Amino acid sequence: MAGSILLLDTFHESFIPMLREMKFNCTEAYNWSREKVENQVKDFDGIAIRSRMPIDKPLLQKATKLKFIARGGAGMENIDVAFAEQQGIACLNAPEANRDAVGEHALMMLLALMNQLLKADAEVRRGIWLREENRGNELQGKTVGIIGFGNMGSAFAEKISAMGVKLLAYDKFITIDNRKFPYVRQVSLEELKKQADVISLHVPLTEETRYFIDDQFISSCQKNIYIINTARGKCLNTAHLVKHLKSGKVSGACLDVHEYETSSFEKLDSIPEPFEYLIHSAKVILTPHIAGWTHESNRKIAEVLAKKIAALTT
């Protein structure tokens, strides 16, 4: 089966040639309005998208020919997967393609924060030379708790395992293979919160995980903690995080994703007071949803999706 694919977002330059080699006709609709997509979607066998617009029930009801949706990334919250699958539409994503990028980014942010690298760098550039005030903390000997042990959580575990840390993981849906991850101990959420010095979040955004890290969660942690979020912004309540940064319960935060970013992840929807605090805090490192956004992951996402489309349609 070949057919026609509607590309709603740009992908790596290799993606369209790979699709055309499979005899697909590719329509590049990067600037199409939602209304135009709804009017034209009936003519397509596939959709390729990152996050530009929701692929929801009203749109899917008009997609009478559609056989698959290919999401360029891991999260699927912008796609009504349940309804699509009811309609016989396969939903493809590529979490294995950017897992290494996310794992490296999370580790890099944590090391930079614990060693005050950004603060020290900015001071030196201004002619300020402070050594004692920029004394860092080592990861060696710390306990790191990973919440969610799919592609992203396991990649982070692989990267940080060489740092001499004790690794705990909580995942209610996965039984961790001890032969593959002998350096990780699977524990209850309560045990993780009791022991962890660092907590890294690697879960999809669902109703269950929305504001998963909030005032109650942080208060129930036994130690003062560092928090890393490279998952989804709305998995963490920013105002509650700020409260605990101010009290010292949270020693620092590494945030690649943000509660206030738009659904397309292209910008901040607003900058309310809690985010203003984060901007000016030396205890926080912020990046613009780029953990999985490397040159290598861009290429690998295209390759993984092309292979999955080929497997589905041949």
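The values are calculated or read from the model by the stated rules, or taken from the named source; none is laboratory data. Computed from a predicted model, the values in this text were never measured in an experiment. Virtual Cβ from ideal backbone geometry, glycine too; neighbours counted across all protein chains shown.
Quick one: what pairs do we get from the range 9-21, first residue crowded, with 19+ Cβ neighbours inside 10 Å, second outside any helix (DSSP H, G or I) and polar (S, T, N, Q), C-beta under 9 Å, 6+ apart or different chains?
LEU19/ASN25
Filter the range 221-248 down to residues that are touching a helix residue (DSSP H, G or I) at 6+ places or on another chain (Cβ under 6 Å) and more than 19 Å from GLY103 (Cα to Cα), then give me how many there are.
Adding up the residues that qualify gives 7.
Scan the range 7-38 residue by residue and report those that are in contact with a strand residue (DSSP E or B) (Cβ under 9 Å, 6 or more places away or on another chain) and basic (Lys, Arg).
Of everything in the range 7-38, those that are in contact with a strand residue (DSSP E or B) (Cβ under 9 Å, 6 or more places away or on another chain) and basic (Lys, Arg) turn out to be ARG20, LYS23.
Against the definition (more than 18 Å from the chain's Cα centre (by Cα) and β-branched (Val, Ile, Thr)), how does ILE218 come out, yes or no?
Spelling it out, ILE218 is indeed more than 18 Å from the chain's Cα centre (by Cα) and β-branched (Val, Ile, Thr).
Of all residues in the range 195-220, which are charged (D, E, K, R), over 25 Å from ALA74 (Cβ atoms) and touching a helix residue (DSSP H, G or I) at 6+ places or on another chain (Cβ under 6 Å)?
ASP215
Keeping to the range 60-81, report how many residues are of a type in the set (D, E, K, R) and touching a Phe, Trp or Tyr at 6+ places or on another chain (Cβ under 8 Å).
Result for the range 60-81: 1.
Which condition number in (1) at pLDDT below 95; (2) under 16 Å from ALA253 (Cα atoms) is the one that LEU117 fails?
Against the list (1) at pLDDT below 95; (2) under 16 Å from ALA253 (Cα atoms), LEU117 comes up short only on (1).
Look at ILE160 and say whether it is touching a strand residue (DSSP E or B) at 6+ places or on another chain (Cβ under 8 Å) and in a helix (DSSP H, G or I).
Yes.
Give the residue that is surrounded by the fewest Cβ atoms within 10 Å (Cβ to Cβ), with candidates limited to residues of the range 171-220 that are acidic (Asp, Glu) and in a loop (DSSP other than H, G, I, E, B).
Checked the range 171-220; the qualifying residue surrounded by the fewest Cβ atoms within 10 Å (Cβ to Cβ) is GLU207.
Within the range 69-91, how many residues are more than 14 Å from PRO204 (Cα to Cα) and either surrounded by fewer than 20 Cβ atoms within 10 Å (Cβ to Cβ) or at pLDDT below 95 (or both)?
The qualifying residues number 8.
Among strands (runs of 3 or more DSSP E) lying entirely in the range 1-103, which contain 1 or more residues that are of a type in the set (D, E, K, R)?
Because the criterion is at least 1 residues that are of a type in the set (D, E, K, R), the strands (runs of 3 or more DSSP E) in the range 1-103 that meet it are 24-28, 68-71.
Across the range 92-141, which residue is farthest from THR175 (Cα to Cα) among those that are of a type in the set (D, E, K, R) and under 24 Å from the mean Cα position of the chain (by Cα)?
Out of the qualifying residues, it is GLU104.
Taking only the range 127-170 into account, find how many residues are among the polar types (S, T, N, Q), buried (at least 16 other Cβ atoms within 10 Å of the Cβ) and in contact (Cβ under 8 Å) with a residue 24 or more places away in the chain.
Looking only at that region, the number is 3.
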